[in-house]
Amino acid sequence: MTTPESSTSSNFIRDLVAADRAAGKHGGRVVMRFPPEPNGYLHIGHAKSIVLNFGIAHESPGGVCHLRFDDTNPTTEDPEYVQAIQDDVRWLGFDWHGKIFYASDYFEQLYAFAIVLIKKGKAYVDSLTADQIREHRGTLTEPGRDSPYRTRSADENLDLFARMRAGKFSDGAHVLRAKIDMRSPNINLRDPILYRIRHAAHYRTGTAWCIYPSYDFAHPLSDAIEGITHSLCTLEFEDHRPLYDWVVAEADTPHRPQQIEFARLNLTSTVMSKRKLLELVGKQLVTGWDDPRLPTLKGLRRRGVTPEAIRAFCEHLGVAKRDAIVEMQLLEHFIREDLNKRSPRVMAVLRPLKVILDNYPEGAAEELDAVNNPEDVSAGTRKVPFSRTLYIEQDDFREDPPKQFYRLAPGREVRLRYGYIIKCVSATKDPRTGAVAELHCTYDPETRSGSPQEQRKVKATIHWVSAPHAATATIRLYHPLLLADQSKLPAEQDWTRSLNPQSLELLTGCLVEPSLRSAAPGSRFQFERQGYFCVDSDSSPKALLFNRTVSLKDAWAKVEKAQHKSQR
RNA sequence: UGGGGGAUCGUCUAGCGGUAGGACGCCGGCCUUUGGAGCCGGCUACCUAGGUUCGAUUCCUAGUCCCCCAGCCA
């Protein structure tokens with residue numbers, strides 16, 4: 001299926017899975033899993049994991065990848081997230097082929113495994129308080145101490161555990177612990193907690209249970225139950241691997257999955273931790289989980305990013321064990337690369353400046369042919385109305401043009417995209433502010449696009465809209481969520497103070513070509529010379545609303561920046 | 001100063017004892033009715049010190065630096 005050209009780059013996990021399969025390990029089967037806890041929305045970091053897990057499964061003959069909800073904590077989970085996660089995985093382009101797995105479906109089996117451990121003397125009920133347990137755990141450098149309840153008999157443990165399940169105790173009264181080694185240098189092995197009492201309704205099992213298994217117990221066993229062959233997780237779980245292996249071994253499951261860790265994705269100038277994302281949404285620092293400034297899949301989607309771009313980005317990233325922070329520019333590159341091929345071009349003026357063509361007949365209008373997508377001839381052409389009064393971008397005129405500024409200035413010529421060459425005659429100013437109010441220009445009738453005499457060359461071509469025909473729109477521009485320079489902030493300061501107060505820029509009174517009047521929410525366009533935009537879900541024909549997905553690369557901005565620098 | 005991991009261009013990543021490659025970025029050029037796209041060229045890296053070897057980014061030893069772990073979260 002994967003051709004040499006399109007094949008994804010190899011990485012240590014892909015290689016290991018392939019080697020296991022070739023060696024006939026696990027009977028040559030490849031069973032992966034993506035196991036989110038339904039306590040939040042998926043973000044681009046999850047996308048890396050999804051692409052890896054589903055990708056490896058898909059490229060392995062007979063391979064499968066389970067979608068499993070790791071729902072062992074009733075107090076944080078919600079069906080809203082279960083639905084959102086499924087939507088997002090599907091939107092990203094992956095399919096779990098029907099069955100969805102839930103750790104909560106294994107509660108009964110997990111309970112039985114706990115009984116097995118208790119009978120083997122490998123687990124005990126501890127009746128210390130949470131504080132006491134912490135004290136007994138020791139520190140990074142000091143060993144822990146055994147709980148006085150560690151030596152309870154199997155019968156007593158069995159009885160206590162049964163009564164825990166039966167709801168005879170209040171939250172925190174007892175826990176079930178693995179009996180491993182309180183002196184282990186690995187803190188995860190100092191009798192980790194397997195079950196805790198939580199009198200809380202679970203979104204799936206309701207009040208059937210008041211004891212819930214912990215991650216360290218439920219996860220390896222869920223993997224074993226499902227026949228997962230390779231259980232991928234992030235680096236912070238490396239220390240848990242001995243425990244993962246211990247649980248599976250002591251529970252004596254017929255199948256033994258293998259945990260493999262890799263570095264999670266970090267991106268510059270954004271936040272990815274669940275805690276921070278939750279805080280942004282909770283404190284209404286953003287408009288919701290789908291705020292286009294967020295790296296959530298919902299946010300990226302609303303912003304106009306395609307699943308193809310995200311997948312290409314993730315495939316390109318590679319998988320390794322070293323911590324890494326990927327530059328946002330790399331994501332933007334993949335977004336542009338994808339959008340460039342598929343987006344129809346259109347003209348829109350974000351910050352309008354009125355232009356009157358003095359020698360163009362008043363009341364007249366004509367239709368010009370415009371190419372929809374130079375990257376895709378099959379996209380065809382469209383008609384764009386032209387008239388005596390136009391709007392161009394304020395940035396495309398300078399009264400006193402700097403060096404290398406090729407655009408319009410008094411006495412200078414420029415081509416109007418798909419139209420004529422025009423020459424600026426004069427600029428009138430607002431008497432109060434001194435700002436340029438409108439331009440008077442003349443057009444050269446010989447230079448209409450497509451006409452035989454159009455050979456004349458000018459330095460620049462600019463976009464425009466016809467004043468009487470244009471539609472009004474509101475456009476949102478997005479800037480980095482975080483301030484560029486994080487280093488100046490004291491480490492212990494409230495992190496939200498490092499948020500960029502200008503992350504959302506709202507432009508009203510933008511003028512777009514009339515073909516956009518009927519644009520459907522979700523559709524994407526390239527606004528020529530400016531960037532990729534999509535119609536927001538709140539947009540309507542009466543109140544057009546666009547989101548800028550990503551800007552086009554801007555060579556002039558670089559020149560200008562360099563000029564500013566050299567002036568200093 | 002316990003344990004577990006990791007160090008390759010500015011960033012991400014390949015390499016599996018034999019000329020350190022790719023991508024993003026940056027710089028320069030070509031082309032252009034998008035200062036877009038495309039094309040061409042360039043830039044910059046093996047944490048340090050020893051050792052083994054004809055040969056070390058790769059193997060060994062000793063350091064240095066970075067990350068993770070002391071939830072009844074996952």
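Listed by first and then second residue, the pairs linking a residue in segment A:226-247 that is in contact (Cβ under 8 Å) with a residue 12 or more places away in the chain and among the polar types (S, T, N, Q) to a residue that is open to solvent by 20 Å² or more (accessible area, probe 1.4 Å) and assigned to a loop (DSSP other than H, G, I, E, B), with Cβ atoms under 7 Å apart and 6 or more places separating them unless they lie on different chains, are A:229/A:29; A:234/A:264. Does residue A:157 count as more than 14 Å from RNA strand B (Cβ to nearest atom) and not hydroxyl-bearing (Ser, Thr, Tyr)? Considered against the rule, which asks whether it is more than 14 Å from RNA strand B (Cβ to nearest atom) and not hydroxyl-bearing (Ser, Thr, Tyr), residue A:157 comes out as yes. Scanning segment A:59-94 for residues that are within 21 Å of residue A:13 (Cα to Cα) and of a type in the set (Asp, Glu) returns a single hit, A:59. State whether the residues of segment A:65-80 include one that is in a helix (DSSP H, G or I) and either out of contact with any Gly (no Cβ under 8 Å at 6 or more places or on another chain) or at positive phi (or both). Scanning segment A:65-80 turns up at least one residue that is in a helix (DSSP H, G or I) and either out of contact with any Gly (no Cβ under 8 Å at 6 or more places or on another chain) or at positive phi (or both). Among the residues making up segment A:12-28, those that are closer than 28 Å to residue A:85 by Cα and surrounded by 16 or more Cβ atoms within 10 Å (Cβ to Cβ) are A:13, A:14, A:17.
Of all residues in segment A:152-175, those being more than 21 Å from residue A:239 (Cβ to Cβ), in contact (Cβ under 8 Å) with a residue 24 or more places away in the chain and not in a helix (DSSP H, G or I) number 8.
Among residues of segment A:540-567 that are open to solvent by 100 Å² or more (accessible area, probe 1.4 Å), those with a beta-carbon under 6 Å from a residue that is more than 10 Å from RNA strand B (Cβ to nearest atom) and modelled with pLDDT of 95 or more at least six positions away or on a different chain give the pairs A:541/A:517. When we screen A:451, A:426 for residues that are away from RNA strand B (no atom under 12 Å from the Cβ), outside any helix (DSSP H, G or I), small (Gly, Ala, Ser) and over 13 Å from residue A:392 (Cα atoms), the only hit is A:426.
Residue by residue, here is whether (1) crowded, with 20+ Cβ neighbours inside 10 Å; (2) acidic (Asp, Glu); (3) within 8 Å of RNA strand B (Cβ to nearest atom) holds:
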{"residue": "A:179", "(1), (2), (3)": "yes, no, no"}
{"residue": "A:189", "(1), (2), (3)": "no, no, no"}
{"residue": "A:211", "(1), (2), (3)": "yes, no, no"}
{"residue": "A:214", "(1), (2), (3)": "no, no, yes"}
{"residue": "A:237", "(1), (2), (3)": "no, no, yes"}
{"residue": "A:251", "(1), (2), (3)": "yes, no, no"}
{"residue": "A:263", "(1), (2), (3)": "no, no, yes"}
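Hey, could you check segment A:429-448 for residues that are open to solvent by 40 Å² or more (accessible area, probe 1.4 Å) and under 20 Å from residue A:383 (Cα atoms) and say which is nearest to RNA strand B (Cβ to nearest atom)? Result: A:448. Total residues in segment A:9-43 satisfying the condition of being within 9 Å of RNA strand B (Cβ to nearest atom), of a type outside the set (S, T, N, Q) and under 22 Å from the mean Cα position of the chain (by Cα): the figure is 3. Would you check if residue A:323 is among the charged types (D, E, K, R), more than 13 Å from RNA strand B (Cβ to nearest atom) and either over 26 Å from residue A:14 (Cβ atoms) or over 17 Å from the mean Cα position of the chain (by Cα) (or both)? Taking the combined requirement at face value, the residue does not satisfy it.
Could you list, in sequence order, all residues of segment A:378-437 that are polar (S, T, N, Q) and without any contact (Cβ under 8 Å) to a residue 12 or more places away in the chain? Matches in segment A:378-437: A:378, A:433. Filtered by the rule that a residue be among the polar types (S, T, N, Q) and surrounded by fewer than 14 Cβ atoms within 10 Å (Cβ to Cβ), segment A:506-524 gives A:508, A:518.
Would you check which residues across segment A:371-408 are among the small types (Gly, Ala, Ser) and either within 10 Å of RNA strand B (Cβ to nearest atom) or under 29 Å from residue A:340 (Cβ atoms) (or both) and list them? Scanning segment A:371-408 gives A:378, A:379, A:380. Take residue A:128 and decide whether it is surrounded by 17 or more Cβ atoms within 10 Å (Cβ to Cβ), part of a helix (DSSP H, G or I) and modelled with pLDDT of 95 or more. Spelling it out, it is not the case that residue A:128 is surrounded by 17 or more Cβ atoms within 10 Å (Cβ to Cβ), part of a helix (DSSP H, G or I) and modelled with pLDDT of 95 or more. Under the condition of being of a type in the set (A, V, I, L, M) and near RNA strand B (Cβ under 9 Å from one of its atoms), the residues counted in segment A:195-209 number 1.
Contact map, segment A:97-122: residues that are closer than 13 Å to residue A:195 by Cα and touching a residue at least 12 places away in the same chain (Cβ under 8 Å) paired with residues that are assigned to a loop (DSSP other than H, G, I, E, B) and within 16 Å of RNA strand B (Cβ to nearest atom), Cβ distance under 9 Å, separation 6+ or inter-chain. Pairs shown: A:107/A:72; A:107/A:205; A:107/A:209; A:110/A:72; A:111/A:209; A:117/A:179.
Annotation: residue A:405 fulfils all but one of (1) surrounded by 19 or more Cβ atoms within 10 Å (Cβ to Cβ); (2) over 39 Å from the mean Cα position of the chain (by Cα); (3) of a type outside the set (A, V, I, L, M); the unmet one is (2).
Looking across A:340, A:359, one residue alone is on the phi < 0 side of the Ramachandran plot and in contact with a strand residue (DSSP E or B) (Cβ under 6 Å, 6 or more places away or on another chain). It is A:359. Within segment A:59-104, the set of residues being touching a helix residue (DSSP H, G or I) at 6+ places or on another chain (Cβ under 9 Å), under 24 Å from residue A:220 (Cβ atoms) and open to solvent by 60 Å² or more (accessible area, probe 1.4 Å) comprises A:62, A:64.
The values are calculated or read from the model by the stated rules, or taken from the named source; none is laboratory data. Owing to the predicted nature of the structure, the values given are computational and were not obtained by experimental measurement. When we count neighbours, we look across all protein chains shown, and the Cβ atoms used for this are built from the backbone with ideal geometry, even at glycine. To get the accessible areas, we keep the full protein, side chains included, count just its heavy atoms, and leave off ligands, DNA and RNA. Shrake-Rupley method; radii C 1.70, N 1.55, O 1.52, S 1.80 Å.
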